[in-house]
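**Q** Handing you a structure now.
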Ligand SMILES: Nc1ncnc2[nH]cnc12
Ligand SMILES: [Zn+2]
């Protein structure tokens, strides 16, 4: 039982959080056939590449700033309902561009959803702009430039998501240089689909304060020590890792091992309905599958706030709630 615990989420892709029923309603509204990607209330994919394709396709039924406001508010209110006090949403201006909405209206809709949710429940949220690796380095640089110039107090971080097997981190270094120079917090998907080398590359090239997943660092003991020494925070998404078969089961998942070896870890849901999970379930798993006590779970949550891409006043206010 973790319903009494306050919760924080640092790693959730906004379109990846779209409830199937809402996506279905959107598809009907725009008379779009997405039955190849969403059937009987379930997103249809069978491996990482087909998951990314499904994600990109179903995102296309969110077409206006109002659609994005609704999606954002719906997800944040779901989080608030389970005691979540802070959420970082990974958003991709490329998705706004791909549907012809444009990045500005895409972000404006999302920010409206954040405002509505905050007014109703008090939940605090920030945005991490992401480049999508499978759209290529030029698009990722464009996303970084967009984030750097946005001058939007809700955009506080930059990320690299998408097909980890495409290129090496060095190909995307310029994008991270742009984001770093703009003062954005840096995190990067690494060590999810690819092995420990991907996490080493990320540390060498990006020097991020956090890594999305990073779990395959467990394959290299020296790298685990390096993560612990650097204090790099891993945004661990156990349900996602099992759904994508990064590990065969929770018993072989390294979350507890990381914590015990001094690596700073947090828990998140990644793309909850795609992976048949939710932040509520991730917290339940922390207790039931990983055997963490309430005190240990609160440490994960506290680490999340310490690593959040927020101003210090907000961080202190959030810490006071734990
Ligand atoms: N788990 C994941 N890994 C990489 N890119 C993603 N985009 C959405 N979910 C993702
Ligand atoms: Zn992710």
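The values are calculated or read from the model by the stated rules, or taken from the named source; none is laboratory data. For clarity, every value in this text was computed on a predicted model and none was experimentally measured. Note that each Cβ is placed from the backbone with ideal geometry, even for glycine, and that neighbours are counted across all protein chains shown.
**Q** Looking at residue 26, is it closer than 26 Å to residue 118 by Cα, at pLDDT 95 or above and surrounded by 19 or more Cβ atoms within 10 Å (Cβ to Cβ)?
**A** Yes.
**Q** Does residue 131 satisfy the condition of being within 16 Å of ligand 1 (Cβ to nearest atom), over 25 Å from residue 78 (Cβ atoms) and out of contact with any strand residue (DSSP E or B) (no Cβ under 8 Å at 6 or more places or on another chain)?
**A** Numbers: within 16 Å of ligand 1 (Cβ to nearest atom): yes; over 25 Å from residue 78 (Cβ atoms): yes; out of contact with any strand residue (DSSP E or B) (no Cβ under 8 Å at 6 or more places or on another chain): no.
So residue 131 does not fit the description; no.
**Q** Give the residues of segment 142-166 that are away from ligand 2 (no atom under 15 Å from the Cβ), in contact (Cβ under 8 Å) with a residue 40 or more places away in the chain and in a loop (DSSP other than H, G, I, E, B), sorted by residue number.
**A** 150, 152, 154 - these are the residues of segment 142-166 that are away from ligand 2 (no atom under 15 Å from the Cβ), in contact (Cβ under 8 Å) with a residue 40 or more places away in the chain and in a loop (DSSP other than H, G, I, E, B).
**Q** I would also like to ask the following. Among residues belonging to segment 181-190 that are within 11 Å of ligand 1 (Cβ to nearest atom) and touching a helix residue (DSSP H, G or I) at 6+ places or on another chain (Cβ under 6 Å), point out the one that is nearest to residue 10 (Cα to Cα). Give the derivation first.
**A** Going through segment 181-190, the residues within 11 Å of ligand 1 (Cβ to nearest atom) turn out to be 188-190.
Filter once more, so that each one left must be touching a helix residue (DSSP H, G or I) at 6+ places or on another chain (Cβ under 6 Å): 188, 190.
Numbers: 188: 12, 190: 15 Å.
Per the stated criteria, the residue is 188.
**Q** Take residue 144 and tell me if it is surrounded by 24 or more Cβ atoms within 10 Å (Cβ to Cβ) and at pLDDT 95 or above.
**A** yes
**Q** Could you look through segment 76-106, keep only residues that are touching a strand residue (DSSP E or B) at 6+ places or on another chain (Cβ under 8 Å) and farther than 22 Å from residue 139 by Cβ, and pick out the one that is surrounded by the fewest Cβ atoms within 10 Å (Cβ to Cβ)?
**A** In this case the residue turns out to be 82.
**Q** Now a separate question. Can you name the residue in segment 30-75 that is touching a strand residue (DSSP E or B) at 6+ places or on another chain (Cβ under 8 Å) and more than 22 Å from residue 11 (Cβ to Cβ) and is also farthest from ligand 1 (Cβ to nearest atom) among such residues?
**A** 44
**Q** Select from segment 3-21 the residues that are buried (at least 20 other Cβ atoms within 10 Å of the Cβ) and either assigned to a loop (DSSP other than H, G, I, E, B) or within 16 Å of ligand 1 (Cβ to nearest atom) (or both) and list them in ascending order.
**A** Answer for segment 3-21, where residues must be buried (at least 20 other Cβ atoms within 10 Å of the Cβ) and either assigned to a loop (DSSP other than H, G, I, E, B) or within 16 Å of ligand 1 (Cβ to nearest atom) (or both): 9, 10, 11, 12, 13, 14, 15, 16, 17, 18.
**Q** Name the single residue that is surrounded by the most Cβ atoms within 10 Å (Cβ to Cβ) among those in segment 177-200 being part of a loop (DSSP other than H, G, I, E, B) and in contact with a strand residue (DSSP E or B) (Cβ under 7 Å, 6 or more places away or on another chain).
**A** Applying the filter and picking the extreme gives 191.
**Q** Any residue at all in segment 245-265 that is modelled with pLDDT of 95 or more, under 13 Å from the mean Cα position of the chain (by Cα) and more than 30 Å from residue 24 (Cα to Cα)?
**A** no
**Q** Let me ask you something else. Going through segment 163-173 one residue at a time, which ones are more than 22 Å from residue 51 (Cα to Cα) and surrounded by fewer than 14 Cβ atoms within 10 Å (Cβ to Cβ)?
**A** Passing the criteria: only 170.
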